[in-house]
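The values are calculated or read from the model by the stated rules, or taken from the named source; none is laboratory data. Since we're looking at a predicted model, the values are computed, not measured. Cβ: placed from backbone, ideal geometry, glycine included. Neighbour counts: every protein chain shown. Just the protein is used for accessible areas: all its heavy atoms, side chains included, with ligands, DNA and RNA removed. Shrake-Rupley method; radii C 1.70, N 1.55, O 1.52, S 1.80 Å.
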Amino acid sequence: MKKILCFVICFFSIIIDANAQTLDGYKTIYLKSHTNNQWGVDDRMRDAFYNKGFNVVMSESEIPTDRQGRLATLVLTYHFEVKYGGTPFHYDLHNMLGEKVFEAEGIGNTLSAKSDVNRACKRALGKMEELPYSYNPDKTPKLPMPETTLSNLSDEQITNALANVDKSGIEGIYKNMNDSYYKLAILKDGGKYLALVMDTDQKNWYHGDVKAVFENLRTNYYNVTYFKDNYQKIESIIQLNDEGTLKIGDFNYIKIYPK
């Protein structure tokens, strides 16, 4: 009975591990070097992923600027430490949602630091090279924000829609007062209020994206789900102050229209 149980556990562990280590939803690898290509490590890693079928870029400016392209991009970081008796080489692949998609490690043990690192790197890359890979955009991760037809409104249409709203209510156009720059339009959508991006300096966000969702609890008090720059969620209860300001976690916004 114990042998059967162990077999079942091992079998499902293999399935879970195989499902976790899949790269089919990604097309671009952004290789962030920390060693300035010491001993040709960057070249080895770039070639391995390129030969696998990925598009490999070496600078952030080369990452695709369209939404699908960015979501199909993985950021590759690696590190190693030369040690007597065996040098470990480890690398991680994270997607634009901050999720770790893949990691691998290899050990090198020779008579020189250069050979150790290159052997360890080769072994770590071998674990990626063994995986079957075929890019499938249907497997690219989806954004956690809700979809709405309001995302198709132009700035002029948004301004016109807000011209006659209650000036003391939450609907309006806001700008933040700290950190990353956002200009948001809060509009009613059914029984909720959505904050849509009108302008921002953040590359992961686009015009019409839903930055926050508000649900009215009572006068000027709202339950809010707010999406940070990396799409992680903050959920809290906030108050719209008489001055037209909103504080969501560490983020502060002030209403600029209608005043």
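Observations, loosely collected:
- Local electrostatic count at residue 228 - Lys and Arg +1, Asp and Glu -1, tallied over other residues with Cβ under 11 Å: -1
- Segment 82-144-segment 156-189 distance, computed between alpha-carbon centres (Å): 45
- Residues of type lysines that residue 122 reaches as a straight line, Cα spacing below 26 Å, ignoring anything fewer than 8 places off in the same chain: 27, 32, 52, 83, 100, 114
- Solvent-accessible surface (1.4 angstrom probe) belonging to residue 61, in square angstrom, nearest 10: 100
- The label point for residue 139 and the one for residue 33, both projected 7 Å from the Cα toward the Cβ, are 3.0 nm apart.
- Carbon + sulfur, % of accessible area of the chain - ligands and nucleic acids excluded, 1.4 Å: 50
- Reach of residue 139 by Cα under 18 Å, taken over aspartates and glutamates that are not fewer than 8 positions away in the same chain: 17, 24, 66, 99
- Under-5 Å amide H pairs with residue 109, H placed in peptide plane, nonlocal only: 87
- Coarse-grained scattering of segment 54-202 at q = 0.08, 0.12, 0.15, 0.22 Å⁻¹, given as base-10 log I(q)/I(0) from a Debye sum over alpha-carbon atoms: -0.43, -0.73, -0.91, -1.35
- Of all lysines in the structure, the ones whose alpha carbon falls short of 25 Å from that of residue 255, not counting any fewer than 8 places away in one chain, are 167, 175, 183, 188, 192, 203, 211, 228, 233, 247.
- In plain terms, the chain from residue 50 to residue 179 could stretch by 42.8 nm, reckoned as 0.36 nm per residue minus the Cα-Cα distance.
- Helical runs assigned H by DSSP (4 residues or longer) give the chain a calculated mean residue ellipticity at 222 nm of -7000 deg cm²/dmol, each run adding -39500 (n - 2.57) before division by the residue total.
- Order of exposure, largest accessible area first, which applies to 52, 228 with probe 1.4 Å: 228, 52
- Note on surface exposure: 34, 207 rank 34, 207 by accessible area, highest first, 1.4 Å probe.
- Solvent-accessible heavy-atom area per residue, rounded to whole Å², over the chain at 1.4 Å: 56
- Size estimate for the chain follows the Kirkwood approach: the inverse of mean 1/r over distinct Cα pairs works out to 21.6 Å.
- Cα-projected label distance for residue 127 with residue 155, points at 7 Å along beta-carbon direction, nm: 4.8
- Per-pair calculated FRET efficiency, R0 = 22 Å: residue 236 and residue 166 via Cβ, rounded to 0.05: 0.40
- For segment 130-135, Karplus couplings with θ = phi - 60° (6.51, -1.76, 1.60), whole Hz, Gly/Pro x: 6, 6, x, 9, 8, 4
- Based on the reciprocal of the average 1/r between different C-alpha atoms, the Kirkwood radius for segment 122-259 equals 16.5 Å.
- Per-pair calculated FRET efficiency, R0 = 51 Å: residue 81 and residue 243 via Cβ, rounded to 0.05: 0.45
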